[in-house]
């Protein structure tokens, strides 16, 4: 998606350790007009696919998913990151390792809000090693819900999450895929 | 706001300890159509007030603020809850006690995204004891930004956060104010 690529070139900052900071428009300050364009683009990319729920993960996925959901006319469920353990069996849980925060958290979704009747589009801001997505996919599996596709804002194409998930036959649409980036020059190359 | 009050009566669950669960439409599964109506209502309530930024706090505020922001045509900044300390002075921080989670977290906003030029509307899902709001207000003060008003989805009128904030002269608009609620009968009375 040209608009997003241009915005990343303009406002994204490449840091050492394969970190791309896009906090000025994506995940701290949120450009809601851009989110609307992203929502429209996912709608176009998933045209004809039956979707009755969007699943995302706190915190940075929520704003993007909420705005995008308007084009699909479906509710959004966001998975919560928590240290709380599932004592009463009322929640689906998965362990997720964070690339940014270098820690492991439990990701939970209430069983009330996901079930075999659900045809789900997952939306998130970043895809790098794919751990968060695989956690959400595990939760969908547990719930008996159908994964209809995944919409990602920015995929780090040089990490292997995207390849691994596409190999499973999942329709994964990333609006911008970064082929390479260089912290010393600030250069970003898109696929 | 009648629509929100009716939804709370229909789908809200009163639990012991003054807990109101609205996770089926507000803060776990998000009803985006309802969020749009809430956004329109805040726009009406703050008509004529100059606002160039919305500030909210992760995680449950984000979806509501992102959808509401479309009616104000402004970006949203969400404060992050973090244990990270502000070593380099690049962030505004405040300590916030959570009523739900019974813990204290640091709330942080990057200095890049708030400054004296900002006329801010704070949006959040709940107001109970007001600690989260007071944390955000402290951050605005530190930033030299102007607080133009606060939009809350559900205020627990029987806790004193709302009174304390209104006494400071802040324009605080809660779309539903709960006067009392009873866990044994499930009854909810609105102001």
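Structure notes:
- For segment B:126-138, the count of residues that are under 22 Å from residue B:36 (Cβ atoms) and within 14 Å of the chain's Cα centre (by Cα) is at least one.
- Only residues that are within 25 Å of residue A:112 (Cβ to Cβ) and free of Cβ contacts under 8 Å to residues at least 24 places away in the same chain were counted in segment B:32-46, giving 1.
- Filtered residues of segment A:170-184 (kept if free of Cβ contacts under 8 Å to residues at least 40 places away in the same chain, surrounded by fewer than 14 Cβ atoms within 10 Å (Cβ to Cβ) and part of a loop (DSSP other than H, G, I, E, B)): A:184
- Within segment A:154-169, the set of residues being touching a strand residue (DSSP E or B) at 6+ places or on another chain (Cβ under 7 Å) and outside any helix (DSSP H, G or I) comprises A:154, A:155, A:156, A:157, A:158.
- Just one residue in the set B:142, B:97 is more than 21 Å from residue A:63 (Cα to Cα) and modelled with pLDDT of 95 or more; that residue is B:142.
- Count of segment B:147-169 residues, restricted to those that are under 23 Å from residue B:120 (Cβ atoms), free of Cβ contacts under 8 Å to residues at least 60 places away in the same chain and surrounded by 16 or more Cβ atoms within 10 Å (Cβ to Cβ), is 7.
- So residue A:120, is it surrounded by 16 or more Cβ atoms within 10 Å (Cβ to Cβ), within 16 Å of residue A:50 (Cβ to Cβ) and in contact with a strand residue (DSSP E or B) (Cβ under 7 Å, 6 or more places away or on another chain): yes
- Candidate set: segment B:100-117, residues that are within 14 Å of chain A (Cβ to nearest Cβ) and modelled with pLDDT under 90; chosen: the one nearest to residue B:142 (Cα to Cα): B:105
- Qualifying residue in segment B:59-71 (condition: within 16 Å of the chain's Cα centre (by Cα), on the phi < 0 side of the Ramachandran plot and surrounded by fewer than 22 Cβ atoms within 10 Å (Cβ to Cβ)): no
- Complete set of residues in segment A:45-82 that are out of contact with any helix residue (DSSP H, G or I) (no Cβ under 7 Å at 6 or more places or on another chain) and within 25 Å of residue B:74 (Cα to Cα): A:58, A:60, A:61, A:65, A:73, A:74
The values are calculated or read from the model by the stated rules, or taken from the named source; none is laboratory data. None of the values given here were measured: they were computed from a predicted structure. Every residue, glycine among them, receives a Cβ derived from its backbone with ideal geometry; neighbour counts consider all protein chains shown.
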